[in-house]
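The values are calculated or read from the model by the stated rules, or taken from the named source; none is laboratory data. Just so it is clear, the structure is predicted and the values come from calculations on it, not from any experiment. No Cβ is skipped: glycine too gets one built from the backbone with ideal geometry, and neighbour counts run over all protein chains shown. With ligands, DNA and RNA removed, areas are computed over all heavy atoms of the protein, side chains included. Shrake-Rupley method; radii C 1.70, N 1.55, O 1.52, S 1.80 Å.
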Amino acid sequence: MRTSIATVSISGTLTEKLVAIAAAGFDGVEIFENDLLVCPYSPEEIRARAADLGLGIDLYQPFRDFEAVPAPVLAANLERAERKFRVMERLGADLLLVCSNVSPAAIGDDALAAEQLRRLAERAAEHGIRIAYEALAWGRHVNEYLHAWRIVRMADHPNLGTCLDSFHILSRGSDPIGIEAIPGEKIFFLQLADAPLLAMDVLQWSRHYRCFPGQGTLNVTGLVQHVLNAGYTGPLSLEVFNDHFRQADTARTARDGMRSLIALEQTLHGAAHPAVPTGFAFAELADAGSLSGVLDALGFVRTGSHAGKPVELWTQGEARMLLNATGADPALVAIGLDSPDPARAVKHAETLLAPVLPRERAPQDVALDAIAAPDGTALFFCDTAWLGDFGAAGTAEPVPGQITHIDHVALTQPWHHFDEAALFYGSVLGLHPQESLELPDPYGLLRSRAMSTTPASGAGETSATAGAAEQVRMVLNIAQVGAGDTPWQHVALASDDLPAVARRLRAEHPELLLPIPDNYYDDLEDRHDVDPELRRLGVLYDRDEHGEFLHMYTVTVGRVFFEIVQRVGGYRGYGAVNAPIRLAVQHAGRLKMGQ
């Protein structure tokens, strides 16, 4: 389908926006009036620039507070409309968005609204322009899409139709099934936006928290299906008001918007993800020499070295860590994902505009492609062939130990890439988002969202499979803090007997473990009947309706720390209730060290 985006959705000047929108692959654009008003170029010059970039101007918007007004106001409104029509003729736009009236002076009279909109459509027809009437969720008298359609039907003019906006419909809890009662030819335009579920005034919600489809919790895909069932053949157009988007990189946001529409269309076509990862092949850490001792203490064994690069393979159970001796401070730089079809996985990622990373490869190296995640982490799609680069010792056979596999990885995102990352991991990797959480940090808030190969509802999952190793779990964090902001990353390692791991580490490497305050255990023992040994071992505890969770942390080295976890039964969470404890201790340790 044809794709479009409103200029208000991204940052920059109007000409910068047009360039970014075209580069992202959109077919057209909605010109937001304020972008044109502050632009030094004439409408004719903007029209020519858009044409040079291969963009059609699909809509000019918004025209406000027109209908259901007293006669003197109508006369002024029609004059105002005539001036807009002349601007649109110069711009080469033939569709005007008219929002339902929000003025206190508006009259609650559908017949009057229809009659006045018909007069507007008659004037528009003289200029070759059509009118798309939209019900704002906060409209004075018209705030439901079916109400707007009834008025359009009453007006009965070929140049008057309706504009459907997913946010205005879904934010009010309206049932979109009624869209199928509207003739497709009378749906003049479709605007799409998602949003997180927030308990707030709908106007503020709309103006500040909209996001691209797939980044929020609204069922945008279901709404679009109803629109297509009605016979709509126009563009899928994004209209997003978001404070972060308006501050972020213009080209990057436009590309993210296009990714959301590609993913939406794939879902509409019933396209299953071609190669959902089945587990973690490895986690690769940059290392200046300080992490090998940590891995050794955790029970990992060095099982191979890359034939042509300063990279070591460390293994325990089915958990594999690569140490890349780059001389850089310790950081998680790459993640290997077990894939049933690496080539198809990379091709799928490319269709979703994920950048494929250039790699220097010796003739004898295994072909291994990587894409860049939004935070810069390299993601490799692997089968077991990659182990051949690490010699005979690089084997797929598990190395005995108390660690069994990588349970999940947690990556801190730049503040303006959080929504992008959620869409990226959902569409590119086929991961399912869980609820977004805000957790207290000593210096602000930590926003966190987990994603996994298992749907959040647990559909089709039993307690026996909920904690299975064949899952990929990612936790995306953004630290909304000030000077104390630290982009920590961590790898969570699974164990079948965490208390045994804790006893060994407490006896042999107590300096490696993050100290947990006694106050935590005083509260824990008040809330739950737990083994008193947890206090001595420094093990944290959580439970949900499916099972229990034991976990503990190492101290941070560079940007990296490790978590050891044990899922008992079918526990599905990540111990988020204990995150404030971990964050407070980490910050205290960082300040003590003068970091």
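Work through the residues other than Asp518 whose Cβ is under 12 Å from its Cβ and net out their charges, Lys, Arg +1 and Asp, Glu -1. Counting the neighbours of Asp518, the net charge comes to -1. With the whole protein complex present, Val491 retains an accessible surface near 0 Å², based on a 1.4 Å probe.
Ranking Glu438, Glu33, Glu312 by solvent-accessible area of protein heavy atoms (1.4 Å probe, all protein chains present), from largest to smallest, gives Glu438, Glu312, Glu33. With a ≥ b ≥ c taken as the square roots of the eigenvalues of the C-alpha gyration tensor of the range 1-112, please select rounded if a/c is under 1.5 and otherwise prolate if a/b is larger than b/c or oblate if it is not? Prolate shape, in that a/c is at least 1.5 and a/b is the bigger ratio. Applying 0.36 nm per residue to the separation of Asn219 and Ala288 and subtracting their alpha-carbon distance, the gain on full extension is 20.2 nm. Heavy atoms of the protein chains alone define the surface here; on that basis the chain has 39 Å² accessible area per residue at 1.4 Å probe size.
Against the chain, whose longest principal axis comes from its Cα atoms, helix 498-508 is set at around 50 degrees. The C-alpha atoms of the chain define a longest principal axis, and helix 250-268 lies at about 90 degrees to it. In the range 510-595, the portion of solvent-accessible area held by carbon and sulfur atoms comes to 53 percent [1.4 Å probe, whole percent, DNA, RNA and ligands not counted]. For a modelled paramagnetic label at Trp415, 7 Å from Cα along Cα-to-Cβ, the residues of the range 198-215 in reach, with backbone nitrogen under 18 Å, are 208-210.
Within the range 40-146, what whole-number % of the accessible surface is contributed by carbon and sulfur, with the 1.4 Å probe and all protein chains included in the calculation? Whole-percent figure for carbon plus sulfur exposure: 50. The share of Cα pairs per 5 Å bin across the range 488-586, counted from zero up to the longest distance, runs 2, 13, 25, 27, 21, 9, 2, 0 percent.
Here Ala372 and Glu265 are evaluated by their C-beta separation; at R0 = 22 Å the FRET efficiency comes out at 0.45. Length gained on full extension, Glu126 to Glu45: 26.8 nm, using 0.36 nm per residue less the C-alpha separation. Going by alpha carbons, how many degrees (0 to 90, nearest 10) lie between the helix axis of 71-91 and the longest principal axis of the chain? Its long axis makes an angle of about 70 degrees. The mean sequence distance of close C-alpha pairs (under 8 Å, at least 6 residues apart), as a share of the length of the chain, puts its relative contact order at 10 percent.
Going by the alpha-carbon gyration tensor, a ≥ b ≥ c the square roots of its eigenvalues, is the chain rounded (a/c under 1.5) or, if a/c is not under 1.5, prolate (a/b greater than b/c) versus oblate? Prolate, since a/c reaches 1.5 and a/b exceeds b/c. Given a Förster distance of 60 angstrom, what is the FRET efficiency for Arg64 paired with Glu511, based on the Cβ-Cβ distance and rounded to 0.05? The calculated FRET efficiency here is 0.40.
In terms of its alpha-carbon gyration tensor, the range 226-278 comes out oblate; a/c meets the 1.5 threshold, while b/c is at least as large as a/b. Here the gap between Glu79 and Arg535, fully extended at 0.36 nm per residue and compared with their Cα-Cα distance, gives a gain of 156.6 nm. Charge dipole (Cα centre; +1 on Lys/Arg Cβ, -1 on Asp/Glu Cβ; no other charges) of the range 300-355 amounts to roughly 100 debye.
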